[in-house]
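To start, the structure under review is shown below, and the notes come after it.
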Amino acid sequence: MNHDSCEEAIQQLKSQGMKVYAAHFSERAIYYRDVDYTLPCAILMGSEKDGVSQSGADLDVGDEVNLSVP
């Protein structure tokens, strides 16, 4: 399926009952192992070094998740 924008894709996922997370380094990000992956979800990914861009993090996603491995 193709979308014209990230916003459109996120809205479609959410309309299907999926929780959308943004992989982002921030103080509000939750640790990736604390996410309940048994529920339908999607993760918005960015670059390995920086995560999603600030504009990506500002999209209408649910929570931010920290994917860094200690």
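The values are calculated or read from the model by the stated rules, or taken from the named source; none is laboratory data. Predicted model only: the values in this text are computed from it and were never measured. Cβ coordinates were reconstructed from backbone atoms using ideal geometry, including for glycine residues, and neighbour counts include every protein chain displayed. Quick note on the areas: whole protein, heavy atoms, side chains included, nothing else; ligands and nucleic acids left out. Shrake-Rupley method; radii C 1.70, N 1.55, O 1.52, S 1.80 Å.
Applying both filters, DSSP loop and at most 16 other Cβ atoms within 10 Å, to the GluC sites (Glu not before Pro) of the chain gives Glu27, Glu48. Gyration tensor analysis over the Cα atoms of the chain returns equivalent ellipsoid semi-axes of 20, 15, 9 Å (largest first, whole Å).
Counting other Cβ atoms within 10 Å, which chymotrypsin sites (Phe, Trp or Tyr not before Pro) in the chain have at most 11 and lie in a DSSP loop?
Details: sites: Tyr21, Phe25, Tyr31, Tyr32, Tyr37; in loops: Phe25, Tyr37.
Listed in order of number, the matching sites are Tyr37.
When the accessible area of the chain is split by element with a 1.4 Å probe, what percent falls to carbon and sulfur? Don't skip to the end; give the middle numbers.
Values: 2470 of 4860 Å².
C and S fraction of accessible area: 51 percent.
Taking Val35, Val52, Val20 in turn, the Gaussian network model of the chain (Cα-Cα springs below 10 Å) assigns the largest fluctuation to Val35.
Karplus-derived 3J(HN,Hα) values for segment 42-59, using 6.51 cos²θ - 1.76 cosθ + 1.60 with θ = phi - 60°, are 9, 10, 7, 9, x, 6, 4, 6, 10, x, 6, 5, 4, 5, x, 5, 7, 5 Hz; glycine and proline are entered as x.
For the chain, the 222 nm mean residue ellipticity estimated from helices alone, with every DSSP H stretch of n ≥ 4 adding -39500 (n - 2.57) and the total spread over all residues, rounds to -5000 deg cm²/dmol. Applying the criteria of a DSSP loop state and at most 12 other Cβ atoms within 10 Å to the trypsin sites (Lys or Arg not before Pro) of the chain yields Arg28, Lys49. Accessible surface comparison of Ile30, Ile10, probe 1.4 Å, protein chains only, largest first: the order is Ile30, Ile10. Amide H contacts of Glu64 (H built 1.01 Å from N, in plane; Pro and chain starts excluded): Ala22, Ile30 sit under 5 Å, all sequence-distant by 5 or more or on other chains.
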